[in-house]
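To keep things clear, I will list the structure first and then write my remarks on it.
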Amino acid sequence: MSGSGSWAVRSDGKADGIVLAIDFPGTGRREAGFTDLAERLDIPYALWETLPPPFAHATMLTGADWVDRWMAGVEASGRPVRAVMAFCAASPYAAALAHRIGALQGETPDTVFFDPDIPEEFFLYWQYQQIMERFLPDLSAEETAAARQRGEQARENAEDLTALGTELIRLFHEYGEPACRRTGLDDERTAEFLGGFTTYVSFVCGSSQIAAQEPEMLVASWSTATAVTSASSGKAGKLVAKDITFPDITHVDLLATAEVAAAVSALLK
């Protein structure tokens with residue numbers, strides 16, 4: 001672990017410099033992560049991945065809060081950053097971080113997006129529904145249906161993604177706390193579980209805030225970035241300087257495929 005505790009070292013490097021990877025690593029998620037990619041990369045630099053703050057004391061961070069947290073670790077390391085990468089909805093963070101690092105070190109690092117996207121209301125509601133149904137099996141069928149219906153209503157009524165996130169956190173705690181009790185989790189484990197969802201929603205909403213508040217920076221970053229895209233990549237993956245596409249690879253396997261690792265290694269050498 002490095003810096004302020006906001007980064008985890010996924011692989012070491014022989015050359016001076018680091019490559020940063022932005023994602024929200026979590027137990028049980030379907031998508032491959034940067035740990036999978038690190039095992040297959042052949043680059044001379046160390047690979048660091050973002051870490052969330054402790055779940056048990058979760059708070060709703062802003063997009064700027066997240067970037068400040070990561071920058072503290074970069075500045076404390078004193079090491080040059082060669083590239084910034086991001087997976088899916090974390091892409092706006094990579095743009096903002098690369099911009100900040102460029103101002104710090106006098107040279108903007110390369111930016112690489114994997115299936116880049118900017119989170120919207122449906123994405124967050126879908127994640128809420130998936131997490132609710134996968135990780136709260138002790139909810140009754142009636143409770144699950146009610147949680148889904150109230151989440152959909154929240155999506156329809158929310159003014160923006162942050163407002164939706166705040167309401168989905170409230171609903172998740174309302175249904176999640178009794179479900180955790182039924183499984184026998186103690187207070188500490190329950191706080192960590194519920195805090196994990198709060199932190200994840202904060203991460204997603206913060207990315208959307210960055211995109212909304214710094215559109216010129218975002219456009220400038222996208223215009224010079226490289227996107228590595230799968231069969232299910234959206235339009236955002238086509239708005240970059242270079243698109244390396246893998247039409248036979250699914251989104252969930254993108255970071256765990258040898259062909260992708262080889263292409264990224266060639267980019268970063």
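Quick note: the coordinates plus some simple rules give every number you see, no bench work behind them. As the structure is a prediction and not an experimental result, all values here were calculated from the model. Note: ideal-geometry Cβ built from the backbone for every residue, glycine included; neighbour counts use all protein chains shown.
What is the local net charge at residue 225, summed over the other residues whose Cβ is closer than 11 Å to its Cβ (Lys, Arg +1; Asp, Glu -1)?
Result for the local shell: -1.
In the neighborhood of residue 252, defined by Cβ-to-Cβ distances under 15 Å, what is the net charge if each Lys or Arg adds +1 and each Asp or Glu adds -1?
Around residue 252, the surrounding residues sum to -4.
Please give the helix 187-213 orientation as an angle from the longest Cα principal axis of the chain, in degrees from 0 to 90, rounded to the nearest 10.
Approximately 50 degrees, to the nearest ten.
Over the Cα atoms of region 121-210, what is the Rg over Rh ratio if Rh follows Kirkwood?
Rounded to two decimals, Rg/Rh equals 0.97.
Report the normalised scattering of region 169-269 as log10 I(q)/I(0) at q = 0.22 Å⁻¹, calculated by the Debye formula with identical scatterers on the alpha carbons.
For region 169-269 at q = 0.22 Å⁻¹, log10 I(q)/I(0) is -1.07.
Please enumerate, by chain and number, the aspartates and glutamates with C-alpha under 14 Å from the C-alpha of residue 238, excluding those fewer than 8 residues away in the same chain.
Candidates past the 8-residue exclusion: 115, 117.
Using only Cα atoms and rounding to the nearest 10 degrees, what angle (0 to 90) does helix 91-105 make with the longest principal axis of the chain?
Around 40 degrees separate the two axes.
Angle between the Cα long axis of helix 258-268 and the longest principal axis of the chain, 0 to 90 degrees, nearest 10?
Once rounded, one gets 50 degrees.
Which of the lysines could a cross-linker span from residue 269 if the Cα-Cα distance has to be under 23 Å and same-chain partners fewer than 8 positions apart are dropped?
Once the sequence-local lysines are set aside, what remains near residue 269 is 14, 242.
Is region 1-96 rounded, prolate or oblate when judged by the Cα gyration tensor, a ≥ b ≥ c being the square roots of its eigenvalues, rounded requiring a/c under 1.5 and prolate requiring a/b larger than b/c?
Taking the square roots of the gyration eigenvalues as a ≥ b ≥ c, region 1-96 is oblate.
Sum -39500 (n - 2.57) across every DSSP H segment of at least 4 residues in the chain, then divide by the residue count to get the 222 nm mean residue ellipticity, nearest 500.
Helix contribution divided over all residues of the chain: -16500 deg cm²/dmol.
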